[in-house]
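The values are calculated or read from the model by the stated rules, or taken from the named source; none is laboratory data. Given the structure is predicted, the values throughout are model-derived calculations rather than measurements. Note that we place each Cβ from the backbone using ideal geometry, even for glycine, and neighbour counts take in every protein chain shown. Ligands, DNA and RNA are excluded from the accessible area calculation, which covers all protein heavy atoms including side chains. Shrake-Rupley method; radii C 1.70, N 1.55, O 1.52, S 1.80 Å.
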Amino acid sequence: MKFLVRERFFDIGDDFWVTTENGEKAYHIDGKALRIRTTFHLEDPKGNVLTTIRRKLFKVRDQMRIERDGKTVATVRERLMDPLKEKLVVEIEGGPDWEVTGDFLGKEYVVSDPNGTVAHISRKLLRIRDTYAVDVNTHRSDLGGDPVLALSVAVAVDSLTADDKKGKDKDDK
């Protein structure tokens, strides 16, 4: 299932819709303003909060926690060090960890677990300006087939890597 997300640097207070590839409103991202730490809510079209995505403060490595019904279901964090490729890890509560690898600044990366691809994030195939696609493998019956969790991870990755993008010039690669 493919969703379209407006590409941007996540700023506090930004709200936007995640749509299906047919243009239907599927989810709403509500960037919470006036918070000490970066916080987003992923909501259904009726405004019900499905997940809360928030940056953890005072950590050695940047981390974002994804909560569902007040409980942490996943934590997205940077790997300590991998000189060969950009990599983030998603620690899934009660399940196998997911790995996020690829070009985060260019919005070309894959989310996977030991069972295969969870989601593919790409802006290459889109002609819509400032938008990228999150293609979720919904054929899986495990957490890998959960579009809400996969979209929440994409929001967390975008937020965690936005600081890197702000510090780099487009010509620096």
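The largest accessible area among Trp98, Trp17 belongs to the first residue in Trp17, Trp98, and the rest follow in falling order (1.4 Å probe, all chains).
Restricting region 91-145 to trypsin sites (Lys or Arg not before Pro) that sit in a DSSP loop and have at most 12 other Cβ atoms within 10 Å of their own Cβ leaves Lys124, Arg127, Arg129. Shown are Leu143, Leu149, whose ranking by accessible area with a 1.4 Å probe and every protein chain present, most to least, is Leu143, Leu149.
Checked against a 22 Å cut-off, the cross-linked pairs Lys87/Lys124; Lys56/Lys124; Lys2/Lys25; Lys2/Lys124; Lys46/Lys124; Lys25/Lys87 give Cα-Cα distances beyond that limit for Lys56/Lys124; Lys46/Lys124; Lys25/Lys87.
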